[in-house]
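Here the structure comes first, spelled out in structure tokens, and everything after it is commentary.
We did not get these values from a lab; they are worked out from the coordinates using the rules stated. No experiment lies behind these values; they were computed from the predicted model shown. Because the Cβ atoms are built from the backbone with ideal geometry, glycine has one as well, and the counts that use them run over all protein chains shown.
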Amino acid sequence: MSQTQTIHAAFAAHVHDALRSLEAEGVLPSGLSFANVTVEPPRDPAHGDLATNAAMVLAKPAKTNPRQLAEAIAAKLGQLPEISSTEIAGPGFINLRVADGAWRAELGAIAELGADYGRSAMGGGQAVNIEYVSANPTGPMHMGHCRGAVVGDALASLLEYAGYAVIREYYVNDAGGQVDVLARSAYLRYREALGEDIGAIPEGLYPGDYLKPVGEALAKELGNRFLEEDEAEWLPIFRAQSVAAMMDMIRADLALLGIRHDVFSSEAALQAAGKPEEAEAWLRSHDLVYDGVLEAPKGKQIEDWEPVELPLFRSTRFGDDQDRPIKKSDGKWTYFGADLAYHMQKAENADALIDIWGADHAGTVKRIKAAVSALSEGQGKPIPFDVKLVQMVQLLRDGQPAKMSKRSGNFVTIADMVEEVGKDVVRFTMLTRKPEAQMDFDFAKVVEASKDNPVFYVQYAHARIRSILRKSEAEGLTPSPDTLDLLGAEELALVKQAAQFPRLVEAAAQAREPHRIAFFLYDLAAEFHAFWNLGNDNAQMRMLVSTNPELTRARLFLAEQIGQVIRNGLALLGVDAVEEL
């Protein structure tokens with residue numbers, strides 16, 4: 001195993017070498033695919049350090065007995081100095097015990113690779129477009145946007161680390177009725193800035209104080225020229241100016257969380273460029289859009305309902321309960337119709353698409369995926385498209401619902417959260433549960449200094465490591481790999497846990513699940529704290545053993561590499577590794 005090859009990658013290569021050797025000997029037929037062969041830790045650590053399913057997946061295509069094939073593979077692997085024993089379990093799984101020297105060498109690989117330990121070329125440079133946040137540009141970012149923003153940003157970082165070329169995109173919904181409401185709300189604040197007493201904000205307009213600076217800026221720039229004008233005169237100007245101001249605010253709010261986007265796509269610009277018409281024409285040419293009449297609404301009768309012929313997408317072909325309109329009766333595009341065109345545009349510059357949506361969009365997933373599949377095939381390159389649904393977060397304070405923000409008028413903003421508990425706490429906490437699971441965010445609990453708070457627990461592990469390294473340096477002791485053979489089973493258990501990181505990065509990237517990194521970091525921190533606590537009862541198990549400088553230097557080297565892996569994982573989550581707590 002080369003110094004810069006991680007242990008799991010090395011053993012995957014060893015298994016493939018053994019299979020190729022058996023192929024050359026005629027034990028396996030030539031041309032078999034090894035794509036489904038895995039090398040990973042067994043579910044029960046008592047069975048060994050690694051296990052491979054090679055015999056199980058290759059026996060049938062090789063027309064041989066899986067256990068006999070397992071014996072042949074195990075015989076090859078057993079010759080390696082890095083393997084201390086092999087065992088065949090059940091019908092043909094091969095369990096491997098890795099020699100202690102290989103785990104010690106893995107510490108050298110961590111030191112050699114540093115910030116790149118865990119980085120993968122798995123993605124092969126494929127372009128992946130990830131659209132996340134995409135909040136309507138009508139106000140500051142709030143808690144309803146926060147979780148999806150963090151999940152999307154962490155996923156983008158994870159995929160980049162795994163070798164993909166990532167495009168971070170924000171879709172600006174600036175063509176719907178909500179931006180007209182925004183413009184009217186800003187116009188009211190414009191009149192207020194010019195000295196008018198506007199009284200209470202009328203029902204249906206946005207009431208938050210965040211629009212006061214927008215109105216003041218408009219008053220300063222435009223003066224009183226629009227005070228007496230009809231709405232048709234000022235609405236387009238106020239709409240454009242207000243959306244621009246809101247997007248500046250949104251970018252600033254996202255920056256507080258360390259979130260950035262590469263591309264901001266405008267729905268209005270998309271429609272002006274005729275993209276929805278292009279999508280409709282292609283769908284019609286493939287009999288996926290037709291002119292038809294929607295069924296009457298079910299349940300309570302609506303008195304003024306009239307049947308209207310509309311262009312309908314054949315979403316029932318894809319499991320929907322009815323076909324869906326892509327245009328409204330007034331000729332404007334429905335959200336679904338505009339979304340089709342937007343995804344068609346994204347597919348022009350990407351090999352795969354991922355959308356991060358709120359769970360309230362669950363009903364749209366099947367039909368938008370079907371439509372995107374059809375459109376991308378029409379462009380000559382089918383585009384994999386995945387939608388990740390993110391559940392809402394309930395904000396609490398000591399177990400009670402949190403109060404709303406004064407700035408927004410009716411919700412807690414991201415700026416409020418970051419100001420109170422900090423970027424790192426917000427980001428890590430948002431990734432401590434699967435995104436499809438409900439989450440409570442209690443302002444009191446997320447800053448607790450306890451094992452029950454994953455943010456603190458992981459940060460504390462890194463801070464402890466940095467503290468002991470500073471203390472040892474002051475005493476003239478520095479980390480050294482020269483005496484790693486002094487490390488025993490307790491220390492090697494830490495190495496085995498840390499060595500999961502490269503494999504986990506690839507698995508999390510394939511599954512599009514960045515929360516797996518947060519789970520891993522908690523487990524690694526728990527392993528480190530458990531080792532640290534051994535020194536409470538046994539002075540010989542402390543990091544600094546005054547009577548044994550060689551063992552101390554080896555343990556310091558171990559701690560240094562554990563700290564490196566924690567930093568690498570936190571970086572993927574967009575969380576800083578603290579030096580002290």
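Assuming 0.36 nm per residue, please report the length gained on full extension of the stretch H361 to M247 beyond their Cα-Cα distance.
This chain segment gains 38.8 nm when fully extended.
Could you go through the stretch 224-231 in sequence order and give the Karplus-derived ³J(HN,Hα) for each residue, using 6.51 cos²θ - 1.76 cosθ + 1.60 with θ = phi - 60°, rounded to whole Hz, and x for Gly and Pro?
9, 5, 9, 5, 10, 7, 5, 4
Rounded to the nearest 0.05, what FRET efficiency do L389 and N349 give with R0 = 25 Å and r taken as the Cβ-Cβ distance? Could you check?
0.55
I'd like the antiparallel share, as a percent to the nearest 5, of DSSP beta bridges with both residues in the chain.
50
Could you order peptides 142-155, 229-242, 334-347, 545-558 by the average number of other Cβ atoms within 10 Å of their residues, highest first?
142-155, 334-347, 545-558, 229-242
Between the helical axis of 177-193 and the dominant principal axis of the chain, each derived from Cα atoms, what acute angle in degrees is found, rounded to the nearest 10?
Approximately 70 degrees, to the nearest ten.
Cα-Cα over 23 Å: which of K403/K434; K332/K388; K403/K423; K327/K366; K388/K496?
Exceeds cut-off: K403/K434; K332/K388; K388/K496.
Working from Cα positions, state the angle (0 to 90°, nearest 10) between the long axis of helix 549-573 and the longest principal axis of the chain.
20
Label points 7 Å out from Cα along the Cβ direction at D452 and R542: separation in nm?
For D452 paired with R542, the spin-label model returns 3.1 nm.
Quick one: length gained pulling K471 to Q126 fully straight, 0.36 nm per residue minus the C-alpha distance?
Gain on stretching K471 to Q126: 119.7 nm.
For the stretch 44-49, in order, what is each residue's ³J(HN,Hα) by Karplus, 6.51 cos²θ - 1.76 cosθ + 1.60 with θ = phi - 60°, in whole Hz (x at glycine and Pro)?
Those phi angles translate into 9, x, 5, 7, x, 8 Hz.
In nanometres, what is the gap between the two model label sites at A165 and D197, each 7 Å from Cα along Cα-to-Cβ?
Inter-label distance under the simple model: 6.2 nm.
Amide H of F264: which non-local residues (sequence gap of 5 or more, or other chain) have their own amide H closer than 5 Å, using H built in the peptide plane?
Y170
Got a sec? How would T138, T364, T429 order by Cβ neighbour count within 10 Å, fewest to most?
Exposure proxy ranking, most exposed first: T364, T138, T429.
Of the listed peptides 5-13, 279-287, 530-538, what is their order by residue-averaged count of other C-beta atoms within 10 Å, with the highest listed first?
5-13, 279-287, 530-538
Using modelled backbone amide H atoms (1.01 Å from N, in-plane), which distant-in-sequence or interchain residues come within less than 5 Å of D351's amide H?
Under 5 Å from the amide H of D351: A127, V128, N129.
Going by a ≥ b ≥ c, the root eigenvalues of the Cα gyration tensor, does the chain fall in the rounded group (a/c under 1.5), the prolate group (a/b larger than b/c) or the oblate group?
Cα axes put the chain in the oblate bin.
So what is the calculated 222 nm ellipticity per residue for the chain, using -39500 (n - 2.57) for each DSSP H run with n of 4 or more, over all residues, to the nearest 500 deg cm²/dmol?
-15500 deg cm²/dmol
In a shell of Cβ-Cβ distance under 13 Å around F34, excluding F34 itself, what net charge do Lys and Arg (+1) and Asp and Glu (-1) give?
-1
How much length is gained on full extension from L227 to E277, taking 0.36 nm per residue of separation minus their Cα-Cα distance?
14.2 nm
In nanometres, what is the gap between the two model label sites at Q510 and S329, each 7 Å from Cα along Cα-to-Cβ?
Each label point lies 7 Å from its Cα, and together they span 5.2 nm.
Using only Cα atoms, find the angle between the long axis of helix 100-113 and the longest principal axis of the chain, and express it within 0 to 90 degrees, rounded to the nearest 10.
Roughly 40 degrees between the two axes.
What are the residues whose amide H is under 5 Å from the amide H of A499, where those residues sit 5 or more places off or on another chain and H is modelled from the backbone?
Placed amide hydrogens put nothing under 5 Å from A499.
Step through the residues of the stretch 440-453 one at a time and calculate ³J(HN,Hα) from phi using the Karplus curve (6.51 cos²θ - 1.76 cosθ + 1.60, θ = phi - 60°), rounding each to whole Hz and writing x for Gly and Pro.
With coefficients 6.51, -1.76 and 1.60, one gets 9, 10, 9, 4, 6, 6, 6, 10, 5, 8, 8, 4, 6, 9 Hz.
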